[in-house]
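*Asks:* Pasting a structure below so you can have a look.
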Amino acid sequence: MPDILLVEDVGDGESVSSKATENTAREQSSQYARSLLEASLDPLVTISPEGKITDVNQGSIKVTGVAREKLIGTDFSEYFTEPEKARLGYQQVFADGSVTDYPLTIRHHDGRLTDVLYNASLYRDVSGNVLGVFAAARDITARKQAEAALLEAGTLQRAIFDSANFSSIATDAKGVIQIFNVGAEHMLGYTAAEVMDKITPADISDPQEVVARARALSVELGTAIAPGFEALVFKASRGIEDIYELTYIRKDGSRFPAVVSVTALRDVAGTIIGYLLIGTDNTARKQAEEARQQMNAELTRAKLVAEKANLAKSEFLSSMSHELRSPLNAILGFAQLIDTGSPVPTPNQKESVDQILQAGWYLLDLINEILDLSLIESGKLSLSLECISLDEVLNVCQAMIEPQAQKSGIRVKFSGGECGNFVKADRTRVKQIFINLLSNAIKYNRAGGMVEVMCTQAAAERIRISFRDTGDGLSADKLAQLFQPFNRLGQELGSEEGTGIGLVVCKRLVELMGGVIGAESQVGVGSVFWVEFKATSPEASLAEIEAPAVIAATLSDLAPHRYTVLYVEDNPANLMLIERLMARRGDVRLLSARNGNQGIAMARESQPDVILMDINLPGISGITAMQILVADPATAAIPVIALSANAMPRDIEKGLAAGFVRYLTKPIKVDAFSDALDQALMQSAAAKKIQEL
């Protein structure tokens with residue numbers, strides 16, 4: 001502190017020794033005052049009557065961030081956020097002699113703020129003259145923050161208890177309601193005065209739920225719990241907040257579902273002094289859940305109906321396919337016999353037979369396309385994806401389509417016949433797609449036109465196979481209608497037969513194999529239909545390569561022998577067809593049985609080289625008969641070929657799984673049947689040779 005705090009005026013007549021003594025005392029007092037200043041952790045400051053700082057302690061230096069020598073002599077008010085308020089307080093000291101708990105905020109030189117309460121008073125010399133103001137500041141920043149937090153908590157508490165959206169019910173330790181907020185009044189229809197100090201929350205809840213909860217808790221604890229509020233708050237009484245779904249009962253007797261959070265209220269000693277229940281109306285969520293459950297139930301019912309409809313459709317298509325294929329087998333089978341028989345048909349007979357065959361095969365194509373589309377749409381079509389050579393498939397397609405092209409006068413050019421590309425796809429389905437696109441390109445071409453097949457590299461390691469024709473082309477609107485079921489784009493009035501579903505089947509098959517199909521067309525110029533598949537590396541199978549040579553050699557060795565073939569069939573027309581086919585061969589003796597049991601007995605007795613088996617037989621089915629034959633050592637080695645009008649993929653898979661060496665669907669193609677029979681005869685003869693050795 002300035003020496004003036006302890007200065008006393010001394011006259012000129014006093015002795016020098018007296019002055020020295022006083023100076024010494026003054027210095028000692030000054031040092032004592034300085035020690036008092038620095039002993040305080042709070043900011044302390046002395047200020048002259050002009051408002052200038054005359055001395056400070058370390059607390060003031062710390063709170064302002066300014067050195068002592070820079071603080072002394074400056075206006076004290078410039079270190080506060082409100083200088084004018086600081087000056088007013090300073091003036092009040094001179095007016096009243098002191099100020100107490102005067103609030104101010106000190107600004108640190110780096111911008112930090114400190115809330116303080118100032119206590120200031122005048123200080124005088126020994127004669128009573130005012131020398132200035134002595135001020136001490138107390139840091140209340142933490143207290144201010146705590147007050148703000150408490151204020152915020154109080155505001156939040158009031159918001160909770162005053163909220164009309166939540167029911168807030170507080171009880172005493174016995175469960176009697178003590179607080180019933182506005183939300184509870186709105187939700188339950190009671191006024192606070194009607195329930196406070198009178199009832200428990202259990203009195204406004206569904207009693208059956210309360211009893212059930214009490215019983216459940218009794219089992220959990222192993223002791224009886226009285227039905228009542230304790231059942232609602234038991235878990236909370238253990239210090240754990242819990243949430244219940246319960247039914248509240250309004251004053252008017254109506255009920256509604258609620259979600260209630262229950263919390264135990266404790267004093268500082270940890271003793272439970274009450275319970276707090278905060279609830280919300282759960283009606284909307286319950287209604288949403290019920291609506292969702294109803295929707296799920298409806299979706300489940302719809303799914304079951306759809307599955308039942310799909311099953312019925314599949315069964316109908318399977319039945320239709322079987323019923324159509326049986327007569328078609330006789331029509332096409334005998335037509336093929338006449339067409340290839342001796343004597344050769346006359347020109348008129350040949351023309352008639354060709355019409356029968358053309359109509360029969362078209363009808364079979366229609367059946368197959370409908371079945372394919374149905375299987376694809378139901379998601380039940382199975383594909384066998386493997387690495388296939390496009391060259392090989394295109395060469396097969398070229399041989400198959402050439403007769404149709406020659407008949408129509410259309411030249412077919414395979415520019416990509418040696419493209420050397422391999423893709424991963426189902427060989428049979430790829431061939432089906434290519435044949436369909438080639439057939440369309442020929443059918444809807446102009447007289448003397450051309451079809452060109454190209455195999456090119458597309459983007460992103462994909463191979464594009466294009467089928468370009470020189471037909472009339474398609475307009476933009478017709479091009480947009482491609483791949484729509486049963487839409488023949490106006491060709492239904494033309495001379496060319498068609499179903500309008502071939503392209504749809506192609507598109508679905510391509511996409512199932514991970515490919516893309518598209519088309520481009522120009523009226524008067526022609527159209528290009530293209531298919532893209534992802535390229536892959538070749539995976540040659542030595543077994544597939546070597547098998548034909550082995551078979552050919554073996555058949556040549558076995559040709560002079562005579563064989564016995566047993567045909568198990570109940571349809572006379574189908575039996576007659578096979579009899580006529582066998583009659584053309586000089587190496588086969590045909591036996592027949594009309595049902596499965598008879599067929600098994602004849603197989604055991606006659607030991608045929610090959611058995612031909614229908615599936616739908618009187619008594620036991622062909623599948624069951626096959627299983628019995630395989631289980632019997634006497635007949636297990638006999639090759640059995642299925643000849644059936646059950647042509648659904650699942651039927652074929654089931655038959656092959658039962659042990660049939662081949663599964664041929666009716667109507668049969670004579671060449672395919674003969675090849676299958678030759679392979680089965682070869683297999684049987686080879687097995688017998690091994691037994692002889």
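Rule-based calculations on the coordinates, nothing more; no lab input. Just so you know, these numbers come straight off a predicted model, no measurement behind them. Here Cβ is always computed from backbone atoms with ideal geometry, including for glycine, and neighbour counts include all displayed protein chains.
*Asks:* Using amide H atoms built 1.01 Å from N in the peptide plane, name the residues 5+ places from residue 462, or on other chains, whose amide H lies under 5 Å from its own.
*Replies:* Hits under the 5 Å cutoff: 535.
*Asks:* Full extension from residue 459 to residue 303: what is 0.36 nm times the residue separation minus their Cα-Cα distance, to one decimal in nm?
*Replies:* 52.1 nm
*Asks:* Taking 0.36 nm per residue of separation and subtracting the Cα-Cα distance, what length does fully extending residue 267 through residue 580 add?
*Replies:* 102.2 nm
*Asks:* Sort 674-686, 196-208 by the packing proxy (mean of other Cβ within 10 Å over each peptide's residues), most packed first.
*Replies:* 674-686, 196-208
*Asks:* Quick one: which of 387-394, 664-671 comes out on top by average Cβ neighbours within 10 Å, and what's the full order, highest first?
*Replies:* 664-671, 387-394
*Asks:* Additional query: Can you compute the FRET efficiency between residue 249 and residue 140 using 1/(1 + (r/R0)^6), with r the Cβ-Cβ distance and R0 = 60 Å? Round to the nearest 0.05.
*Replies:* 0.70
*Asks:* Grab the other residues whose beta carbon is less than 12 angstrom from that of residue 72, score K and R as +1, D and E as -1, and report the net. It would help to have the intermediate numbers written out before the result.
*Replies:* Details: positive: 52, 68, 70; negative: 55, 69, 75.
Local charge sum for residue 72: 0.
*Asks:* First measure r as the distance between the Cβ atoms of residue 534 and residue 656, then evaluate 1/(1 + (r/R0)^6) with R0 = 30 Å and state the FRET efficiency to the nearest 0.05.
*Replies:* So the FRET efficiency works out to roughly 0.55.
*Asks:* Length gain on complete extension for the stretch residue 108 to residue 624, per 0.36 nm per residue less the alpha carbon to alpha carbon distance? Don't skip to the end; give the middle numbers.
*Replies:* Working: separation 516, 0.36 × 516 = 185.76 nm, distance 9.93 nm.
Stretched out fully, the residue 108 to residue 624 stretch lengthens by 175.8 nm.
*Asks:* I'd like the distance between the alpha-carbon centres of region 257-292 and region 73-101, rounded to an integer number of Å.
*Replies:* After rounding, the separation between the Cα centres reads 54 Å.
*Asks:* At a 10 angstrom cut-off on C-beta neighbours, averaged per residue, how do the peptides 631-642, 247-258, 608-619 rank from highest to lowest?
*Replies:* 608-619, 631-642, 247-258
*Asks:* With a ≥ b ≥ c taken as the square roots of the eigenvalues of the C-alpha gyration tensor of region 568-616, please select rounded if a/c is under 1.5 and otherwise prolate if a/b is larger than b/c or oblate if it is not?
*Replies:* oblate
*Asks:* How far apart, in nm, are the 7 Å Cα→Cβ label points at residue 74 and residue 601?
*Replies:* 12.5
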